[in-house]
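Below is one structure; the comments refer to it alone.
The values are calculated or read from the model by the stated rules, or taken from the named source; none is laboratory data. What you see is a predicted model; the values in this text were computed from it and never measured. For neighbour counting, all protein chains shown are included, and Cβ atoms are generated from backbone atoms with ideal geometry for every residue, glycine included. Ligands, DNA and RNA are excluded from the accessible area calculation, which covers all protein heavy atoms including side chains. Shrake-Rupley method; radii C 1.70, N 1.55, O 1.52, S 1.80 Å.
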Amino acid sequence: MDFLSDFLTLFLNKLQSPTLGFLIGGMVVAALNSRLTIPDPIYKFIVFMLLIKVGLSGGIAIRNANLVEMLLPAVFAVVVGILVVFIGRYTLANLPKVKTVDAIATAGLFGAVSGSTLAAGLTILESEGIQYEPWAAALYPFMDIPALVTAIVVASVYISKKRAAADEALSKQEYLSKQEYHGKERGIAAASRSKPGGKVSKRVEIWPIVQESLQVSALSALLLGLALGILTRPESVYESFFNPLFRGLLSILMLVMGMEATARLGELRIVGQWYALYSFFAPLLHGFIAFGLGMIAHFITGFSLGGVVILAVIAASSSDISGPPTLRAGIPSANPSAYIGSSTAVGTPVALALGIPLFIGLAQALGG
Amino acid sequence: MDFLSDFLTLFLNKLQSPTLGFLIGGMVVAALNSRLTIPDPIYKFIVFMLLIKVGLSGGIAIRNANLVEMLLPAVFAVVVGILVVFIGRYTLANLPKVKTVDAIATAGLFGAVSGSTLAAGLTILESEGIQYEPWAAALYPFMDIPALVTAIVVASVYISKKRAAADEALSKQEYLSKQEYHGKERGIAAASRSKPGGKVSKRVEIWPIVQESLQVSALSALLLGLALGILTRPESVYESFFNPLFRGLLSILMLVMGMEATARLGELRIVGQWYALYSFFAPLLHGFIAFGLGMIAHFITGFSLGGVVILAVIAASSSDISGPPTLRAGIPSANPSAYIGSSTAVGTPVALALGIPLFIGLAQALGG
Amino acid sequence: MDFLSDFLTLFLNKLQSPTLGFLIGGMVVAALNSRLTIPDPIYKFIVFMLLIKVGLSGGIAIRNANLVEMLLPAVFAVVVGILVVFIGRYTLANLPKVKTVDAIATAGLFGAVSGSTLAAGLTILESEGIQYEPWAAALYPFMDIPALVTAIVVASVYISKKRAAADEALSKQEYLSKQEYHGKERGIAAASRSKPGGKVSKRVEIWPIVQESLQVSALSALLLGLALGILTRPESVYESFFNPLFRGLLSILMLVMGMEATARLGELRIVGQWYALYSFFAPLLHGFIAFGLGMIAHFITGFSLGGVVILAVIAASSSDISGPPTLRAGIPSANPSAYIGSSTAVGTPVALALGIPLFIGLAQALGG
């Protein structure tokens, strides 16, 4: 009962947050046939600014962290980030009528980390007087960035395979005439045509696609920011420029995504229940997996139980900040209404109202 | 004498303000044939940023206001905002050789509200020890936004009527061949061709034009900001992003408007005296109308005399902040030199140096 | 030995600064074939923002300075700024295989002033207890802006002369057919064709080229900012908008320049040693010239020895802030790797670690 009222309060507060307010505003604007637009160069620059900021903040956090001490939990964070995407790929994506790219993007968002959920977890841990390593919060980029990169790569591989299959079907009829056209179209499926002579291999070679995904503008900006954050000292420009502009630019991106979402909202009507189901159970499942791995680190290296809870909260949270711009740019064909709606409307409230108390209770029971 | 020196000091200070400095800078740059330009997508984005900020600040002010208590003054503010545009439409616009769209835009600017004039009024009221309701300053968006929206709609209706008349004149000669071309050209005059068969109605249907005006990018951004300000809680992103960037982006818009104004300054030479005449009397007339309506609220609901003065000051002020970007985007054919020049060079000094002392004296005489 | 370790520490710190970090980041991104791009309208707007800020800060400094008292040192600062460009034009540019436009741009950068080198100089003067005029630091725009303007004008004149020579050579074969094409191409060489009839004069008329250079977007923005800074009161918008955004926008410009530099790095391999030689001796030479002129002011108007040191430090420093965006936009054909590399890798460390102690020691020896 208490959980339900907490849940509803959180849900209503979320609807009034600038992030979601601008998203809904964009949807209303589009529904009313307004001619409001954000010029394309501005949109591209906003995405660049957001992604380089996500990368920079992750990189700065990693540079300032004690890498030796946090090695095992950091490796587990990376493992969970990657695993979450594959869980979504083989559960949500296989539910009836769910589009695979939408499911992969949603899984990427659930693998990415919400700073505000993490902050809530830290606050509750402190109020309960549970000890944790000061570097534990710095585990977040180790899960956040691998999850987003994995989602984009997995989506690229999926799209390439689908295209290769379409090519093969096509090739039986009119292979020669169309080959050149498809080659020009994207260049992505090039690997599939490495064996000449009309015989397209059934297996798509994955490595060239991974490499290509990483060269895409979106991931380049993210990884560039990460590298600059780790290797240089961008704090002055981060604090004075990239960070203060972040929330405002995000709200404009949300507006653009809202305007686009209106047209694609209908797609979700027939599959909405599957997203609700996934969004309810995924945060808890991801949290328990991370909790289990955290306990292994607890027994091997003495990782604190508070740290284990933090790792679980990071895994349970789904990103409303770093995720949307990255996925929007990295998997442009995925429906933003699917992943943002799932995370904001169900995933985040579940993680906050159900996940955090659960993991803390579990840690207290185990810690005796 | 004292008034004259006050007036001149204010006038000279205005010329050094960044807003006017950049406007004049733009005019000089253009006069010197510089190839300096602001790229078009940037210009469009700056207009969007300015308008959504004007809307947000109005919306936040309305949400935080006590709507029940301020109902009657707020309704009067809306009435004055709309009335001011129609006064300009039927006085200034009918003076010899004054262009109607320029006059409507100027009236819109005089209906809109200057935050700095309002602040001056509040400061003087406090130093005189005159009481007023704390929510009285929040009346400004109730006059500001209706005035700007009315000006844009009235200008659209005027342009459509003119075009319909031109169409009709044309139709007598070559109706069939040209109809399609004009339909493509703008789509705005669609209503006028609702009755097929070569017979164009003399009356333009107004409602579709109003609807169309509201869907235009400029008003959409303004109204979207207003709705987000009222319905969501955008304070964090407003304070950290839209508000701090406002003055800087406005200065760049002023630069662009200055570069364009050079070419159109000549247009004003033959009509400059009419703008000076209007700009001198309009603030006082608008202020007295608002003062009269405020007195009605004083007798009906006990609206304080200080509040009546504030309503009059709001009406007397002409916008140098929210107005220019809105009118520039909403009535692109109007000459910015006309409305910005009128407001800055004459209207604002009159409101400050003549209007405020007049209304305060009147209130003190009435309050006895 | 101490100098060498100081030098290396400074060099390594420089590599981690955001400015250079983003430059190198851009080079790496381009080398890895990323498809990351900054849209062109954004790039143009960033350049505009940077240049108007450089102009504004110079203008504000000049307006707040005591122009009568600082007249002679200010004139000497202008002289040194211009002289430095001509020194580079007739030394570095004449070294084997050095491209003339690259050399002119590099000389412009060495004539421009580094705020951080100046700050270091002031700090050391204060710690040594050497007196100087409070307005001495305000001498910097008197050297900075003339150096950059001179470099751009000298480069334009050089390019026009080269083009006129090419035209003349061409004209012997096919003058009539090509003239129109070249006229369209740039319009810059118009002066050279002022005498009609197939006889092209050997001397290019310089004044039209100077005028044209000043109308180019880059210099217009710089000079507009300067004029606004001197004549209006843009402090509020400068402090709240142009200044806070400066470092962030500069870092993005550096990223773009880095992405472009990769392709042109090879050009420098055969001439790198000449740039290293110039960059080592130029700061000291420029500093000594300024020191000598400062001593003249010392004997004529009583300019303090501390002030003389500041003038020398200003001359020895090379800009890493105002220079790159101005030169990038004003001399687009110059290779940014040449001038940024020379200044950052050699010029600035030499000025800091060698120049400052030298000039202070000299002043102390002279001041007894």
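Points to keep in mind about this one:
- Those residues of segment A:333-349 which are among the aliphatic types (A, V, I, L, M) and surrounded by fewer than 21 Cβ atoms within 10 Å (Cβ to Cβ), in sequence order: A:Ala345
- Qualifying residue in segment C:45-62 (condition: within 14 Å of chain A (Cβ to nearest Cβ) and free of Cβ contacts under 8 Å to residues at least 12 places away in the same chain): yes
- Inspection of segment C:253-268 identifies no residue that is in a helix (DSSP H, G or I), among the β-branched types (Val, Ile, Thr) and over 30 Å from C:Ser160 (Cβ atoms).
- Residue satisfying all of: in segment B:192-204; outside any helix (DSSP H, G or I) and surrounded by 15 or more Cβ atoms within 10 Å (Cβ to Cβ); modelled with the lowest pLDDT among these: B:Val200
- Cβ-Cβ under 7 Å pairs, at least 6 apart or on other chains, segment A:285-305 side more than 21 Å from A:Ile87 (Cβ to Cβ) and in contact (Cβ under 8 Å) with a residue 12 or more places away in the chain, far side of a type outside the set (Ser, Thr, Tyr) and open to solvent by less than 20 Å² (accessible area, probe 1.4 Å): A:Phe303/A:Pro73; A:Phe303/A:Gly294; A:Phe303/A:Ala297; A:Leu305/A:Ala363
- Residue check for B:Leu284: open to solvent by 20 Å² or more (accessible area, probe 1.4 Å), within 14 Å of chain A (Cβ to nearest Cβ) and at pLDDT 90 or above: no
- Every listed requirement among (1) in contact with a Ser or Thr (Cβ under 8 Å, 6 or more places away or on another chain); (2) modelled with pLDDT of 80 or more; (3) within 13 Å of chain C (Cβ to nearest Cβ); (4) open to solvent by 50 Å² or more (accessible area, probe 1.4 Å) is met by A:Thr232 save one, (4).
- C:Gly330 being within 24 Å of C:Glu126 (Cα to Cα) and either crowded, with 24+ Cβ neighbours inside 10 Å or not aromatic (Phe, Trp, Tyr) (or both): no
- Cβ-Cβ under 6 Å pairs, at least 6 apart or on other chains, segment A:22-42 side within 7 Å of another protein chain (Cβ to nearest Cβ), far side open to solvent by 30 Å² or more (accessible area, probe 1.4 Å) and hydroxyl-bearing (Ser, Thr, Tyr): A:Arg35/B:Ser217; A:Leu36/B:Ser217
- Taken over segment B:301-314, the criterion of being among the hydrophobic types (A, V, I, L, M, F, W, C) and out of contact with any Pro (no Cβ under 8 Å at 6 or more places or on another chain) is satisfied by B:Leu305, B:Val308, B:Val309, B:Ile310, B:Ala312, B:Val313, B:Ile314.
- The set of residues in segment C:235-281 being within 20 Å of C:Ser337 (Cα to Cα) and open to solvent by less than 10 Å² (accessible area, probe 1.4 Å) consists of C:Leu250, C:Ser251, C:Ile252, C:Leu253, C:Met254, C:Leu255, C:Met257, C:Gly258, C:Ala261, C:Val271, C:Ser279.
- Of all residues in segment C:66-76 being buried (at least 20 other Cβ atoms within 10 Å of the Cβ) and in contact with a helix residue (DSSP H, G or I) (Cβ under 6 Å, 6 or more places away or on another chain), the one that is nearest to the other protein chains (Cβ to nearest Cβ): C:Ala74
Results for (1) open to solvent by less than 20 Å² (accessible area, probe 1.4 Å); (2) at pLDDT 85 or above; (3) more than 21 Å from C:Leu222 (Cα to Cα), shown as yes or no for each residue.
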site: C:Ala30; (1), (2), (3): no, yes, yes
site: C:Ile46; (1), (2), (3): yes, yes, no
site: C:Lys53; (1), (2), (3): no, yes, no
site: C:Ala61; (1), (2), (3): no, yes, no
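- Qualifying residue in segment B:82-98 (condition: among the aliphatic types (A, V, I, L, M), outside any helix (DSSP H, G or I) and on the phi < 0 side of the Ramachandran plot): yes
- Residue count for segment C:213-224 satisfying the condition of being within 9 Å of chain B (Cβ to nearest Cβ), assigned to a helix (DSSP H, G or I) and in contact (Cβ under 8 Å) with a residue 12 or more places away in the chain: 7.
- Whichever residue in segment A:292-308 is in contact with a Leu (Cβ under 6 Å, 6 or more places away or on another chain) and surrounded by 18 or more Cβ atoms within 10 Å (Cβ to Cβ) and, among such residues, is farthest from A:Leu366 (Cα to Cα): A:Ala297
- Which numbered condition C:Phe110 fails, given (1) surrounded by fewer than 20 Cβ atoms within 10 Å (Cβ to Cβ); (2) of a type outside the set (Asp, Glu); (3) on the phi < 0 side of the Ramachandran plot: (1)
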